[in-house]
1. With +1 on the Cβ of every Lys and Arg and -1 on the Cβ of every Asp and Glu, and nothing else charged, how large is the dipole of the range 1-143 about its Cα centre, in debye rounded to the nearest 20?
2. Rank these for me by crowding, Cys154, Cys208, going from fewest to most other beta carbons within 10 Å.
3. What is the magnitude of the charge dipole of the range 182-339 about its Cα centre, with +1 placed on the Cβ of each Lys and Arg, -1 on the Cβ of each Asp and Glu, and no other charges, expressed in debye to the nearest 20?
4. Which lysines, on any chain, are close to Lys60 with Cα under 26 Å apart, when same-chain ones fewer than 8 places away are left out?
5. At 222 nm, what helix-only mean residue ellipticity would the chain give, in deg cm²/dmol to the nearest 500, using -39500 (n - 2.57) for each DSSP H run of four or more?
6. For Ala233 paired with Glu143, estimate the spin-label separation in nm (one decimal), with each label point 7 Å from Cα along the Cα-to-Cβ line.
7. So which residue, out of Ala99, Ala124, Ala279, gets the largest mean-square fluctuation from a GNM of the chain using Cα contacts under 10 Å as springs?
8. If Lys and Arg each add +1 and Asp and Glu each add -1, what is the summed charge of the other residues whose beta carbon sits under 12 Å from the beta carbon of Tyr301?
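Quick note: the coordinates plus some simple rules give every number you see, no bench work behind them. Since the structure is predicted, the reported quantities are computational estimates derived from the model, not experimental observations. A quick note on method: Cβ atoms are made from the backbone with ideal geometry, for glycine too, and the neighbour counts reach across all protein chains shown.
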Amino acid sequence: MIRFTCQGQAVTLAPGEHFSRPRELGFRDTPATELLELVAELERGTPWRDAVARRFAGAKPWLHAIVASSTRTAFIGPVLPSETTGPVLDIGAGWGQLARPLAATRRVLALEPVAERLAFIRAAARQDGVDGNLSYLEADYFEVEFAPQFAAICAIGVLEWVGAFQAAVDPQARQVDFLRKVRRELAPGGMLVLGIENRLGLKYLLGCPDDHIGVPDIAQLPARLAAMRWQQATQGTLRSFTYSLDELRRLLLQAGFERVEFFAAFPDYKLPRQIISLADGGAALHAWLLAHPIPPEHNGYDGSPLPAAFQQTLAARYHELATQGVARHFAPSFFVRAT
Ligand SMILES: C[S@@+](CC[C@H](N)C(=O)[O-])C[C@H]1O[C@@H](n2cnc3c(N)ncnc32)[C@H](O)[C@@H]1O
């Protein structure tokens, strides 16, 4: 059983059960109506992979890969040990790309504030036969309180968004609160697994648009400067922040984690083709960069390929940074395991 309180109400969720605290605003990569049509197709019996492929493989290939690629779970093993037992909380479960495969062998709570995303997870999980290991919580993570009970909490592509949809909160303070809350809600010995872009990823420093705001040359600046530039450019408030390796390590230690292990993900944490531990000052990464061609990188906002000349520049710069023993600071994305 998964237990939590939501606005003073004590809730217990058995496998297959759902609890809902609906909200309006949220992260959407697909209009709600279209996703609900897709869910209806699944409920009529179309296999979810076929329905997703028919809609997106031709029209939105990157979204198709984000939803359906098997590389989405490549971090299970190198980052989240496969033998981890005990319940897993998947915060910001999205389309269920992680929650469903995790539920094949573990008890999983998929927490996702966007109703139609959670409806998709549930319909696809039933088809995959893993519904008996999954529970579903439609809520913002900050609206629920868990007793410490999770062997692992996954936040893949989530930390950068947690302050994005609530105008009343300071987004960076929200991120710190998020990490502290995760620390409290892990069982003793439990681990947080993060996937996030690197603020100082080489491709961003060389002019590639940021994955969240879609423009270059702002998000990689130190946070206050980035917020100021974004304000000047849009009259709006910057609400999504990523961090460098050292900044993120500091945030996690401040939040109470004692051991923080980084992994570089190429071309990014979303569709990783190479995940390399950054232990020992990044020695394994530096050796790999000096011995292998790097996987092609892409614009992480829309998935479009980067020009060949840009890729060549990236490769040459990675080579120099690896020779100097500092390339770990410039990987495009990180996975992080924190205990
Ligand atoms: C970029 S998507 C990542 C989805 C999925 N984890 C993946 O790797 O594909 C970010 C997800 O975080 C969720 N999210 C954002 N703020 C949240 C919050 N405060 N509590 C829970 N989930 C949140 C969004 O609804 C969205 O599904």
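1. Once rounded to the nearest 20, the dipole reads 240 debye.
2. Numbers: Cys154 27, Cys208 22.
Least to most surrounded, the residues fall as Cys208, Cys154.
3. Roughly 300 debye for the range 182-339.
4. Lys203, Lys270
5. On the way: 11 runs with 113 residues, N = 339.
So the helix-based figure for the chain works out to -10000 deg cm²/dmol.
6. The two pseudo-label positions are separated by 3.2 nm.
7. It is Ala279.
8. -4
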